[in-house]
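K.L.:
Pasting in a structure now, in structure tokens, and then I'll have a few things to ask.
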Amino acid sequence: MGMNQSAKIVVVGAGSGGITAVAQLLRKRPALKGHVLLIDPAEQHYYQPLWTLVGAGDVKKESTARPMASLIPEGASWLQESVTTFIPKENHLVTEEGTAVQYEYLIIAGGIQLNWEAIPGLRETIGKNGVCSNYSFDTVASTWEAISNFKGGEALFTMPSTPIKCGGAPQKIMYLAEEYFEEHGVRRQSSVHFMTALPNMFAVPRYEKTLNEVVRRKNIQTHFKTELIEIDGPKQVATFENLDTKERFIHHFDLIHVTPPMGPMDFLKNSPITDDTGWVDVNAKTLQHDRFPNVFALGDCSNLPTSKTGAAIRKQAPVVVENLIRLMEHQKSAEAEYDGYTSCPLVTGYGSLVMAEFDYDKQPAESFPIDQSEERLSMFLVKKHFLPILYWDGMLKGLM
Ligand SMILES: Cc1cc2nc3c(=O)[nH]c(=O)nc-3n(C[C@H](O)[C@H](O)[C@H](O)COP(=O)(O)OP(=O)(O)OC[C@H]3O[C@@H](n4cnc5c(N)ncnc54)[C@H](O)[C@@H]3O)c2cc1C
């Protein structure tokens, strides 16, 4: 600790983006083994997309976590520290532990920050009083507890106005909960509400249409442009603001699933590598930094104008790797381009899912030869059984 280190390629964050990029790079260029350093303080790595099904009691929480040490690609080393400061003009960064790290090339994949504190009352009550959230490993068990103990009443599901990871997750858990209530005889004595800061159910009309039908069929009450601003756990009341009229109102709850506001990570926000909004400033196509050409970024921490998902990273990583290799080996400008592809597997029940896939222009970019705007059991099975294998054994191994 506190010693200086250097590596040809330094990668900040060993989550979905960091591990995938490094695994692909070392597969393409085995000669780089011994020259790549991943920096991440976390003991565990999580497959977050399954938290939707963990919260619904359909998948075990433990299956979504693996020790970070077991996932560091062979040939890369791992510094288990937190980056605090970037000095990109000097190709250099510093960690909280005081280690100074010198690099020739830098990849940033630091993720997104959950801002629980932005909602007064939330931190104190999360996991109690029917207040739950799928958005972290530490709170996801509280969702299943709240759903399985629900005896009827008001069930609320929130969606904030900030960018979030997996834009569909706040409503997926609502559909699962509603089905569970129906099957366990408590649906008739309860009402289900979607309190969303957005003006519609989904930004892509093709999938929005299906989701509007789902909401109608399940008799869910939608409140658009409505944002959670405060919560009182012991009293079980939440305060909301109508974003158009700025009027505030309170709503009683027996269960509330909260998607916390999110934003750029503190350690990135105030650094020279971000734009004025705090996201890492990269070219939307080449993923190369706009001002520091030896810096690339991918995933949730970037300012790419697409929906923040692991599926998007699957298409971003090869672009970062190819453009990095072009620069490193030939001093050539970036040529590989990302089209904004992202995917949101919209779970609508315990055996149904709408597999949304689209690009920067919100045009469908579908992978399967079927109508993916329909709810399907096959796509649910893909999410529950196939995508986790694809993640651990494919993506994180650099095989796709
Ligand atoms: C409930 C939920 C459901 C989701 N559903 C889906 C889905 O169905 N499909 C889908 O594709 N995606 C889904 N996602 C989103 C997906 O998990 C993320 O988009 C993806 O993990 C982002 O990868 P990343 O590498 O950008 O960030 P992460 O995987 O979050 O990794 C960021 C890493 O940075 C590290 N880090 C933090 N601070 C520092 C620091 N100071 N220094 C160094 N490292 C640091 C962290 O420890 C972490 O390991 C879901 C997410 C959630 C929470």
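Just so it is clear, none of the values below were taken in a lab; they were calculated from the coordinates. Every value quoted in this text rests on a predicted model; they were computed, and no experiment measured them. Note that each Cβ is placed from the backbone with ideal geometry, even for glycine, and that neighbours are counted across all protein chains shown.
K.L.:
Subtracting the Cα-Cα distance from 0.36 nm times the residue separation, let me have the gained length for residue 246 to residue 161 in nm, one decimal. Intermediate results must be reported in sequence, preceding the final value.
P.N.:
Working: separation 85, 0.36 × 85 = 30.60 nm, distance 1.37 nm.
This chain segment gains 29.2 nm when fully extended.
K.L.:
222 nm [θ] for the chain, helices only, -39500 (n - 2.57) per DSSP H run of 4+, per residue, to 500?
P.N.:
Calculated at 222 nm, the ellipticity per residue is -6500 deg cm²/dmol.
K.L.:
Go through the stretch 66-72 residue by residue and turn each phi into a ³J(HN,Hα) via Karplus (6.51, -1.76, 1.60, θ = phi - 60°); whole Hz please, and just put x for glycine and proline.
P.N.:
Values, residue by residue: 9, x, 3, 4, 6, 10, 5 Hz.
K.L.:
Could I ask something else about it? Checking understanding here: applying a Kyte-Doolittle mean of at least 0.5 and a length along the axis of at least 24 Å (C-alpha), which whole DSSP H helices in the chain pass?
P.N.:
none
K.L.:
Please identify the trypsin sites (Lys or Arg not before Pro) of the stretch 26-111 that satisfy two criteria: DSSP loop assignment and at most 15 other Cβ atoms within 10 Å. Which are they? Present the calculation step by step, with values, prior to reporting the outcome.
P.N.:
Values: sites: 27, 28, 33, 60, 61, 89; in loops: 33, 60.
Sites meeting the loop and neighbour criteria: 33, 60.
K.L.:
Still on this structure, please answer the following. For a quick check: with amide H placed at 1.01 Å from N, whose amide H comes under 5 Å from residue 352's, ignoring anything fewer than 5 positions away on the same chain?
P.N.:
Amide H neighbours of residue 352, under 5 Å, 5+ apart: none.
K.L.:
Could I ask something else about it? Considering only Cα-Cα distances, which of the following residue pairs are longer than 24 Å: 60/172; 269/308; 28/308?
P.N.:
As for pairs spanning more than 24 Å Cα to Cα, those are 28/308.
K.L.:
The stretch 267-327 to the stretch 123-192: how many Å between their Cα centroids?
P.N.:
32 Å
K.L.:
Could I ask something else about it? Suppose a student asked you for the relative contact order of the stretch 1-58, using Cα pairs under 8 Å spaced at least 6 residues apart; what percent would you report?
P.N.:
41 percent
K.L.:
So which GluC sites (Glu not before Pro) in the stretch 38-118 are both in a DSSP loop and have at most 13 other Cβ atoms within 10 Å of their Cβ?
P.N.:
Listed in order of number, the matching sites are 43, 74, 96.
K.L.:
Could you name the aspartates and glutamates whose alpha carbon sits less than 13 Å from that of residue 246, not counting residues in the same chain fewer than 8 places away?
P.N.:
Candidates past the 8-residue exclusion: 227.
K.L.:
What FRET efficiency comes out for the pair residue 294/residue 85, r = Cβ-Cβ distance, R0 = 25 Å, nearest 0.05? Numbers along the way, then the final one.
P.N.:
Numbers: r = 17 Å, r/R0 = 0.70.
After rounding, the FRET efficiency stands at 0.90.
K.L.:
Apply the Karplus parameterisation 6.51 cos²θ - 1.76 cosθ + 1.60, with θ equal to phi minus 60°, to every residue of the stretch 280-294 and state each ³J(HN,Hα) to the nearest whole Hz, in sequence, with x for glycine and proline.
P.N.:
5, 8, 10, 5, 5, 9, 8, 6, 8, 4, 6, 10, 10, x, 8
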